[in-house]
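J.: Here it is, the structure, as structure tokens.
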Amino acid sequence: MFIKKFAAANIAAALVAAAAMAPVQASAQQFINVLTGGTSGVYYPLGVALAKVYSDNIPGVKTQVQATKASVENIKLIQQGRGEIGFALGDSVKAAVEGDNDAGFPAPVETLRAIAAIYPNYIQIVAAKESGITDLAGLKGKALSVGAPASGTELNARAILGAADITYDDLGKTEYLPFAESVELIKNRQLDATLQSAGLGVASIRDLAASVPINFVAVPADIPEKLGAPFQAAEIPAGTYDGQMEAVPTIAITNMLVTSSEVDEELVYQMTKQLFDNLPALVAAHNAAKAIDPKTAAKNLPVPLHPGAERYYKEAGLL
């Protein structure tokens, strides 16, 4: 009996020792929730592709893709520990780290960290042709959707209209709707125009352009000059959408992938590495990913890099 107990004790001790020597995979850090945006935007298909890249290439990882109201909600979910990586507009990230109450951040989000600057969002203001809207001033007295409440798009709308000396009170009606719902209302003649902050070729505007005659509303160069960084003058190239014969002046804002300082360094290193090792998978999901460049991904960021991301850039000779 004593020999059996002694042998059992030795076996148990050996199992404990073996477990201690095995590679450590913290189960809490082996789940990646990818925070995206509405399903008709660009964040969502890229997030789906990114989640597949991670599940296929990071051993032991399980992934989930969460549709959200995008930038502001994603930052708050990361702050709450409810997401490991999220898409966000650069101006929303800047507002979060500085603590901008009007943007929904009453105090600085001190745990927010960058993984990469990715592709630019373009402000795309589209109106039903029959509305007669051809410029920003033409929005006065009309019904405009400015994006989901307190979303990155809605923050962009406030900034751009403000720089053009237009308030929401000047509009005939202000709707706070996601991209797809805005498009449906324009099709049904219940809305005049929609402002969408998204990558070029966003599905919602492709759908609208293929369904009804529309005008693209230009954002003149003096608007980004007034707003300053991270806003910059840009254009929507001719032919991006059906019937769009000319380039449209507008504003671009860099999108980012962000995380929390609380997320494991090795996991963030792998998320960063696999992002750049598998860019073709993201390009296949949406053409906006063609603009993702590892050479510029760690530059001019409004928030510090996560140590895991920083390690990748240093190893790749990019920092």
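Rule-based calculations on the coordinates, nothing more; no lab input. Note that this is a predicted model, so its numbers are computed, not measured. Note: ideal-geometry Cβ built from the backbone for every residue, glycine included; neighbour counts use all protein chains shown.
J.: Can you tell me how much longer the chain between residue 62 and residue 98 gets when fully stretched, taken as 0.36 nm per residue apart minus their C-alpha distance, in nm with one decimal? Walk me through the intermediate numbers first.
T.: Details: separation 36, 0.36 × 36 = 12.96 nm, distance 3.28 nm.
Contour length minus Cα-Cα distance gives 9.7 nm.
J.: For segment 303-308, take each phi angle, set θ = phi - 60°, evaluate the Karplus expression 6.51 cos²θ - 1.76 cosθ + 1.60, and give the result in whole Hz per residue in order, putting x for glycine and proline.
T.: The phi angles translate into 9, x, 5, 5, x, x Hz.
J.: Before anything else, pin down the relative contact order of segment 165-308: Cα pairs under 8 Å, at least 6 apart, normalised by residue count, whole percent.
T.: Numbers: 114 pairs, mean separation 24.9, N = 144.
Relative contact order comes out at 17 percent.
J.: Once you put a point 7 Å from the Cα of residue 129 and another 7 Å from the Cα of residue 247, both along the Cβ direction, what distance in nm separates them?
T.: Once both label points are built, they end up 2.4 nm from each other.
J.: Right, next: Leaving out same-chain residues fewer than 8 places away, which lysines sit with a Cα under 30 Å from that of residue 173?
T.: Within the straight-line limit of under 30 Å, residue 173 reaches these lysines: 69, 76, 94, 129, 140, 142, 187, 226.
J.: While we're here: Given the rule -39500 (n - 2.57) for each run of at least 4 DSSP H residues, summed and divided by the residues of the chain, what is its mean residue ellipticity at 222 nm, to the nearest 500 deg cm²/dmol?
T.: Details: 11 runs with 116 residues, N = 319.
That calculation yields -11000 deg cm²/dmol at 222 nm.
J.: Still on this structure, I have one more. What FRET efficiency would be calculated for the residue pair residue 212, residue 291, taking the C-beta separation as r and a Förster radius of 41 Å, to the nearest 0.05? Don't skip to the end; give the middle numbers.
T.: On the way: r = 29 Å, r/R0 = 0.70.
Working from the Cβ atoms, E equals 0.90.
J.: Can I ask one more? Considering amide H positions built from the backbone, and no H for Pro or chain starts, which residues 5 or more places from residue 234, or on another chain, come under 5 Å of its amide H?
T.: 250, 251, 252
J.: Still on this structure, please answer the following. Going by a ≥ b ≥ c, the root eigenvalues of the Cα gyration tensor, does segment 121-253 fall in the rounded group (a/c under 1.5), the prolate group (a/b larger than b/c) or the oblate group?
T.: Values: a/c = 1.44, a/b = 1.13, b/c = 1.28.
Judged from the Cα gyration tensor, segment 121-253 comes out rounded (a/c under 1.5).
J.: Which percent, nearest 5, of DSSP beta bridges in the chain are antiparallel? Please list the in-between numbers first.
T.: Numbers: 28 of 41 bridges.
Antiparallel: roughly 70 percent of the beta bridges in the chain.
J.: Now for a different question. Is any residue of segment 248-288 close enough, with backbone N under 12 Å, to a label point placed 7 angstrom from the Cα of residue 232 along the Cα-Cβ axis, and if so, which?
T.: Output list for this probe position: 252-255.
J.: Which whole-Hz ³J(HN,Hα) couplings does segment 55-72 yield from phi under the Karplus relation 6.51 cos²θ - 1.76 cosθ + 1.60, θ = phi - 60°, glycine and proline marked x?
T.: Once θ is set to phi - 60°, the couplings for segment 55-72 become 5, 7, 10, 10, x, x, 8, 10, 10, 9, 10, 10, 6, 9, 8, 6, 2, 5 Hz.
J.: Under 5 Å between amide hydrogens, which residues at least 5 positions from residue 143 or on another chain qualify, with H placed 1.01 Å from N in the peptide plane?
T.: Residues meeting the amide H criterion: 172, 173, 192, 193.
J.: Something else: Shape of segment 140-182 from its Cα gyration tensor (a ≥ b ≥ c, root eigenvalues): rounded if a/c is under 1.5, otherwise prolate when a/b > b/c, or oblate?
T.: Oblate.
J.: So what is Rg over Rh here for the chain, counting just Cα atoms and using Kirkwood for Rh? Show your work: numbers first, answer last.
T.: Details: Rg = 23.0 Å, Rh = 20.9 Å.
The Rg/Rh ratio comes out at 1.10.
J.: Run the quick spin-label model on residue 279 and residue 170: label points 7 Å from Cα toward the beta carbon, then report their separation in nm to one decimal.
T.: Modelled inter-label distance: 4.0 nm.
J.: Using the Karplus curve 6.51 cos²θ - 1.76 cosθ + 1.60 with θ = phi - 60°, what ³J(HN,Hα) values do you get for each residue of segment 103-117, in whole Hz, with x for Gly and Pro?
T.: Values per residue, Gly and Pro as x: 8, x, 10, x, 9, x, 8, 6, 8, 5, 9, 8, 9, 6, 7 Hz.
J.: Which whole-number percent gives the relative contact order of the chain, counting Cα pairs below 8 Å spaced six or more residues apart?
T.: Values: 633 pairs, mean separation 75.1, N = 319.
Relative CO of the chain lands at 24 percent.
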